[in-house]
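Please see the structure below; I have some questions.
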Amino acid sequence: MMQSVDYIIHADYVLPMDERLTVIKDGAIAVKGTQILEVGTSEGIFRKYASRAIISGRENVVFPGLINTHTHAAMVYFRGIADDLPLREWLENHVWPAENRWLSPGFISDAVELACLEMLKGGVTTYNDMYFYEDAAAEATKKVGMRAVLGAGILDFPTKSASTADEYFANAESFIKDWKGDNLITPCIAPHALYTCGPETLKRARHVADTYDVPIHIHLSETRWEVEEIRKRYSMMPVEYLDSLGFLDERVLAAHCVWLTDPEIKILAQKGVGVSHCIESNLKLSSGIAPVVSMLKAGVKVTFGTDGAASNNDLNILSEMSTAAKLHKAYSEDPTALDAKTALLMATRWGAEVLGLGRATGSIEEGRAADLVMANLNKPHLTPMYNIYSHIVYSMRPSDVEMVMVDGRVVVNDGKLTTADESEILYKAKEWCKKISTSPFFPQGPY
């Protein structure tokens, strides 16, 4: 007797992103509830399972949902503000003042809906955030139906969300208690950076992570200035300094890691620290080029992040893969340095693993959550087809994504969001833009 399931997803190619990096031609996936029951050839799946809901199409590929391991989702509402400036000037003279003027739970909620809409339509099913008012971010993310690791931001100076370190930590612990155990939202502690958090703050963040068994998300060695500042303060390189505090282990996701020495890379590998490579933001802000090839050779799990849309200016993991794979070939003078299979692995299974979600998502395997992307291959820029990995990494665009499933729920169908009104999300974004761009806060007018 055939087993009843909720969905059978059928495609010309299925890429499970398992340990063998299998390619299943004419493949299918059986989904029941939130989970994947089985993946295999269509002949085998259709012989064993019956479903009234079959998602199928000619010339399609299915792969695991992409994972954005570092962003500030609500900063989509600051997209394009103060472009073409150095990082410190951009951050201290424009972004931080803008945040101080505009941030509120309502702002965060509306902005996160736009960010989730953009990411889902580009095949991103999970994101790792660092920002403020994360309760509002969690509610908006869950409403749209996306998976996220949400980091409650911690700093040593006042912002709109908190005035003291004690208040930041109280907010963070409350957020963690409220959301821990949720099926889509994983709470996280997020000390901003070494130059904005002193040693006691970093130790306290580490203690919170251990106490509540949650991830840690931090910026690390993003700019040359940051590295020199930490050396002046503590007479150590940033990674060495964090290691001296007992901060580093596999719970930590470090964003950027541009200016690393070989000994620092060795420490990251030994401690099992995950890295989020944000190549397009690093290029746009002229921060530098992270030593990704050296990190990979040392055994560091490097993944992809977009950073916030205020410094990228999009949330497109497909383009991060393409840019990184090509740039590191040129930078290392080795065309094999970052191949397409490794790039897609970094954007899927490794992304899940460094966020502590490896048992839940990141690959299409029995027992994993059904976080799936189906893309249309019948496009001029994807024709002819010789190597499916190459096509996804070097040629695919967000507009090729037709179906996205998160936790067994179809959240994008035929390229359209199913869980919320796209036009309403865009309308709210445009209304916020009017308020921000016409405010006296911007004496020079809109950028």
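The values are calculated or read from the model by the stated rules, or taken from the named source; none is laboratory data. Treat the numbers as computed from the prediction; the structure is a model and nothing was measured. Don't worry about glycine lacking a Cβ; one is built from the backbone with ideal geometry, like all the others, and counts go over all protein chains shown.
Take the conditions farther than 30 Å from GLY367 by Cα and of a type in the set (D, E, K, R) and apply them to GLU402. Does it pass?
No; evaluated as a whole, the condition is false for this residue.
Checking ASN282 against (1) touching a Cys at 6+ places or on another chain (Cβ under 8 Å); (2) in a helix (DSSP H, G or I); (3) not hydrophobic (A, V, I, L, M, F, W, C), which test does it fail?
For ASN282, the exception is condition (1).
What pairs come out if I take residues in the range 32-50 that are β-branched (Val, Ile, Thr) and pair them with residues that are part of a helix (DSSP H, G or I) whose C-beta lies under 9 Å away, six or more apart or interchain?
VAL39/ILE45
Is there any pair linking a residue in the range 294-318 that is outside the structural domain of LEU117 (by TED's automatic domain parsing) and under 30 Å from ALA429 (Cα atoms) to one that is among the acidic types (Asp, Glu) and surrounded by 20 or more Cβ atoms within 10 Å (Cβ to Cβ), with Cβ under 6 Å and at least six apart or on different chains, and which?
Final answer for the pair search is none.
Given the options MET396, MET374, MET346, name the one that is out of contact with any helix residue (DSSP H, G or I) (no Cβ under 8 Å at 6 or more places or on another chain) and either hydroxyl-bearing (Ser, Thr, Tyr) or crowded, with 20+ Cβ neighbours inside 10 Å (or both).
MET374
Among (1) free of Cβ contacts under 8 Å to residues at least 12 places away in the same chain; (2) within 15 Å of the chain's Cα centre (by Cα), there is one condition PRO335 misses while meeting the rest; what is its number?
(2)
Name the helices (runs of 4 or more DSSP H) wholly inside the range 215-277 in which the number of residues that are of a type in the set (Phe, Trp, Tyr) is 2 or more.
Those helices (runs of 4 or more DSSP H) span 224-234.
Shifting gears a bit: Hey, any hits in the range 238-255 for a residue that's farther than 24 Å from HIS207 by Cα and in the same structural domain as CYS197 (by TED's automatic domain parsing)?
no
Return the only residue of THR69, THR34, THR41, THR22 being touching a Leu at 6+ places or on another chain (Cβ under 8 Å), modelled with pLDDT of 95 or more and not charged (D, E, K, R).
Selected residue: THR69, the only one of THR69, THR34, THR41, THR22 that is touching a Leu at 6+ places or on another chain (Cβ under 8 Å), modelled with pLDDT of 95 or more and not charged (D, E, K, R).
Output the qualifying pairs, or none if there are none: Cβ atoms under 9 angstrom, residues six or more apart or on different chains, first residue in the range 252-274 and over 10 Å from MET295 (Cα atoms), second residue hydrophobic (A, V, I, L, M, F, W, C) and modelled with pLDDT under 95.
Here the result reads none, with nothing in the range 252-274 linked to a residue that is hydrophobic (A, V, I, L, M, F, W, C) and modelled with pLDDT under 95.
Output the residues belonging to the range 178-197 that are among the charged types (D, E, K, R) and either in contact (Cβ under 8 Å) with a residue 40 or more places away in the chain or out of contact with any strand residue (DSSP E or B) (no Cβ under 8 Å at 6 or more places or on another chain) (or both).
Result: ASP178, ASP182.
Yes or no: the range 301-319 includes at least one residue that is part of a helix (DSSP H, G or I), crowded, with 21+ Cβ neighbours inside 10 Å and not aromatic (Phe, Trp, Tyr).
Yes, the range 301-319 contains a residue that is part of a helix (DSSP H, G or I), crowded, with 21+ Cβ neighbours inside 10 Å and not aromatic (Phe, Trp, Tyr).
Residue by residue through the range 216-235, note down the ones that are surrounded by 15 or more Cβ atoms within 10 Å (Cβ to Cβ), among the hydrophobic types (A, V, I, L, M, F, W, C) and out of contact with any strand residue (DSSP E or B) (no Cβ under 9 Å at 6 or more places or on another chain).
VAL227, ILE230
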